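Colleague: If you scroll down you'll find the structure; I have some questions about it.
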Amino acid sequence: KPRVVSGVQPSADSLHLGNYVGAVRNWVDLQDDNECVFFVADLHAITAEQDPAALAQRTRTTAAQYIAAGIDPERSTLLVQSHVPEHAQLAWALNCITGFGEASRMTQFKDKSARQGAENATVGLFAYPVLMAADILIYQAHQVPVGEDQRQHLELTRNLAQRFNARFGDTFVVPEAKILAESAKIYDLQNPVAKMSKSAASENGLIRLLDPAKKNAKKIRSAVTDDGTEIRFDREAKPGIANLLTVYSALTGRSVPDVVGEYEGKLYGHLKVGLAEVVTETLDPIQARAQELLDDPAELDRLLARGAEKGREITVRTLAAVYDRMGFLPRL
Ligand code: ATP
Ligand code: MG
């Protein structure tokens, strides 16, 4: 079975709809035909300003949301990145074959560092894509399901794998990106040309998986649209409506034209009310299951410890091969 690896940062108290539609939801089906490793990317979560008091709890809530959304910790390997030290160890080795200019071209770094103010950006944020490459290569993954926003990082990962293999001998599987269609990209409700993101300036544009239905409905009602009245899919001219239609379609499994057909001739408000219902129906069962898991943190931690053990069966071997090829003196 091909091996698949993916993760989400625990950089907020809850995942948002973009993480769900663009990532976690797709992982659920991949479990049937692949050997899956899903991790909570806590090492990535410290690349921006972070709250030590919140990190552990956010790590648990993120893991709980994975399971609540349908990740089965028996069939898949579910782990916390920092529990598997080989991620960080491989990242260092890869840092040393990554060009400074190459890393400087990563658009996510440019975006995020601009948002934080260039002088606040850390070396960790700069090296983030290299750690991401390590996350993937350490498991010898064949496929990486990520949203469109990660395409460039995946390309870097492939380049680093090929470069290492050429320089030091065949070591890594060169992974394929499993980029989900453009329609899987969810935009900020308040600024529908920017992607929905945990690190967005304002939370009003985010639909969070664990937020109360009322709060989410309110955010959907106040989503930015346009001053027209026509409900049709036009990403350029009507990015707000296009986004609402995308979410509706993604959550119901119905095609966009089908949803447009239902709402054609109706008011924007009707679409918003309909979408709020769809969101509530999707999130209610996820919230209930996540709460059960969070009520028993000892059991959740036990599942994560087991996942780290399973993961290390692979990562220890990969790192040993890397160190050997790079010429490090083996420790007796
Ligand atoms: P941050 O702002 O902290 O980077 P994020 O919201 O971008 O958070 P990540 O943890 O970086 O979330 O990404 C986790 C996964 O979610 C990735 O696979 C990414 O492609 C996907 N993803 C993130 N935002 C969106 C979005 N708006 N639409 C679709 N997929 C998304
Ligand atoms: Mg991100």
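Colleague: Per residue of the stretch 45-60, in order, report the coupling 6.51 cos²θ - 1.76 cosθ + 1.60 (Karplus, θ = phi - 60°) as ³J(HN,Hα) in whole Hz, putting x for Gly and Pro.
Modeller: So the Karplus estimates, Gly and Pro as x, are 6, 9, 6, 10, 3, 9, 10, x, 5, 9, 4, 4, 5, 5, 5, 5 Hz.
Colleague: What ³J(HN,Hα) values, in whole Hz, does the Karplus curve 6.51 cos²θ - 1.76 cosθ + 1.60 give for the stretch 188-200 when θ = phi - 60°, with x put for Gly and Pro?
Modeller: 5, 5, 8, 9, x, 10, 9, 6, 5, 8, 4, 9, 4
Colleague: Given K195/K215; K185/K219; K110/K215; K238/K266, which pairs have Cα atoms separated by over 23 Å?
Modeller: K110/K215
Colleague: So, one more: Which value, in Å² rounded to 10, gives the accessible area of T282 with a 1.4 Å probe and all protein chains present?
Modeller: Per-residue accessible area (T282): approximately 30 Å².
Colleague: Dipole size in debye (nearest 20) for the stretch 28-143 around its Cα centre, Lys and Arg Cβ +1, Asp and Glu Cβ -1?
Modeller: 440
Colleague: Further, regarding this structure: Gaussian network model of the chain, Cα springs within a sub-10 Å range: biggest mean-square fluctuation belongs to which of G240, G22, G117?
Modeller: Highest fluctuation of the listed residues: G117.
Colleague: What is the sum of charges, Lys and Arg at +1 and Asp and Glu at -1, for the other residues whose Cβ falls under 10 Å from the Cβ of K195?
Modeller: Once all neighbours under 10 Å are counted, the net charge is -3.
Colleague: Right, something else. What order do K238, K178, K214, K110 take when sorted by accessible area (1.4 Å probe), most exposed first?
Modeller: Ranked from most to least accessible, the order is K214, K110, K178, K238.
Colleague: Also: Give the accessible surface of the chain per residue, rounded to a whole number of Å², with probe radius 1.4 Å and ligands, DNA and RNA excluded.
Modeller: That works out to 46 Å² per residue.
Colleague: Quick one: go through the stretch 39-75 and flag any residue whose amide nitrogen is under 18 Å from the point 7 Å out along the Cα-to-Cβ line of E309.
Modeller: Counting only backbone N, you get 73-75.
Colleague: Follow-up question, since we're still on this one. How do F233, F38, F168 rank by accessible surface area computed with a 1.4 Å probe, from largest to smallest?
Modeller: F233, F168, F38
Colleague: If you don't mind, there's one more thing I want to ask. Work out the length of the dipole vector of the chain about its Cα centre, built from +1 on the beta-carbon of each Lys and Arg and -1 on the beta-carbon of each Asp and Glu, and round it to the nearest 20 debye.
Modeller: Charge dipole of the chain: 540 debye, to the nearest 20.
Colleague: Okay, next question. Heavy atoms of the protein only, probe of 1.4 Å, neighbouring chains included. What is the accessible area of K272 in Å², nearest 10?
Modeller: 20
Colleague: Taking every DSSP beta bridge that has both residues in the chain, what percent is antiparallel when rounded to the nearest 5?
Modeller: 10
Colleague: Ok, one more. How about the stretch 70-130: which GluC sites (Glu not before Pro) there lie in a loop by DSSP and see at most 13 other Cβ atoms within 10 Å?
Modeller: In loop regions of the stretch 70-130 (DSSP not H, G, I, E or B), the sparsely surrounded GluC sites (Glu not before Pro) are E74.
Colleague: If you don't mind, there's one more thing I want to ask. Taking the Cα centre of the stretch 196-332 as the origin and placing charges on Cβ (Lys, Arg +1; Asp, Glu -1), which of A308, F233, A320 is farthest toward the positive end of the dipole?
Modeller: After comparing all options, I get A320.
Colleague: If you count only protein heavy atoms and use a 1.4 Å probe, how large is the accessible surface of E35, to the nearest 10 Å²?
Modeller: 80
Colleague: How much FRET efficiency would the formula 1/(1 + (r/R0)^6) give for I46 and T252, where r is the Cβ-Cβ distance and R0 is 41 Å, rounded to 0.05?
Modeller: Efficiency for this residue pair is about 0.65.
Colleague: Moving on. Please list, or write none, the lysines whose alpha carbon is within less than 18 Å of the alpha carbon of K310, excluding same-chain residues fewer than 8 places away.
Modeller: Once the sequence-local lysines are set aside, what remains near K310 is K1.
Colleague: Please give every one of the aspartates and glutamates within straight-line cross-link reach of K214, meaning a C-alpha to C-alpha distance under 14 Å, and leave out same-chain neighbours fewer than 8 residues apart.
Modeller: Cα-Cα hits under 14 Å: E277, E281, D284.
Colleague: Now, a different point. Which distance in nm do the two modelled labels at V273 and E74 give, with both placed 7 Å along the Cα-to-Cβ direction?
Modeller: 4.4
Colleague: Around R3, which amide H atoms from residues at least 5 apart in sequence, or from another chain, sit under 5 Å from its own amide H, with H modelled in the peptide plane?
Modeller: Here E35, H142, Q143 satisfy the definition.
Colleague: How big is D for the chain, in µm² s⁻¹ as a whole number, if Stokes-Einstein is applied with the Kirkwood radius of its Cα pairs at 25 °C and 0.890 mPa s?
Modeller: 118
Colleague: Dipole magnitude of the stretch 86-225 about its Cα centre, charges +1 at Lys/Arg Cβ and -1 at Asp/Glu Cβ only, in debye to the nearest 20?
Modeller: Using only the charged Cβ atoms, the result is roughly 600 debye.
Colleague: A further question follows. Whole percent per 5 Å bin, from 0 to the bin with the longest distance: what is P(r) over all C-alpha pairs of the stretch 205-327?
Modeller: Spelled out per bin, shortest first, that is 2, 10, 15, 15, 11, 8, 7, 7, 8, 8, 5, 2, 1, 0.
Colleague: I would also like to ask the following. Using just the helices of the chain, give the 222 nm mean residue ellipticity in deg cm²/dmol: DSSP H runs with n ≥ 4 each add -39,500 (n - 2.57), and the total is spread over all residues, rounded to 500.
Modeller: Taking each H run of at least 4 residues, the total per residue is -16500 deg cm²/dmol.
Colleague: Determine Rg/Rh for the stretch 184-240; Rg is computed over alpha-carbon atoms and Rh is the Kirkwood hydrodynamic estimate from the same atoms.
Modeller: 0.97
Colleague: Give the carbon-plus-sulfur fraction of the accessible surface of the chain in %, rounded to a whole number; probe 1.4 Å, heavy atoms of protein chains only.
Modeller: 52
The values are calculated or read from the model by the stated rules, or taken from the named source; none is laboratory data. Keep in mind it's a predicted model, so treat the numbers as computed, not measured. Using ideal geometry, Cβ is built from the backbone for each residue, glycine included, and neighbour counts are taken over all protein chains shown. Quick note on the areas: whole protein, heavy atoms, side chains included, nothing else; ligands and nucleic acids left out. Shrake-Rupley method; radii C 1.70, N 1.55, O 1.52, S 1.80 Å.
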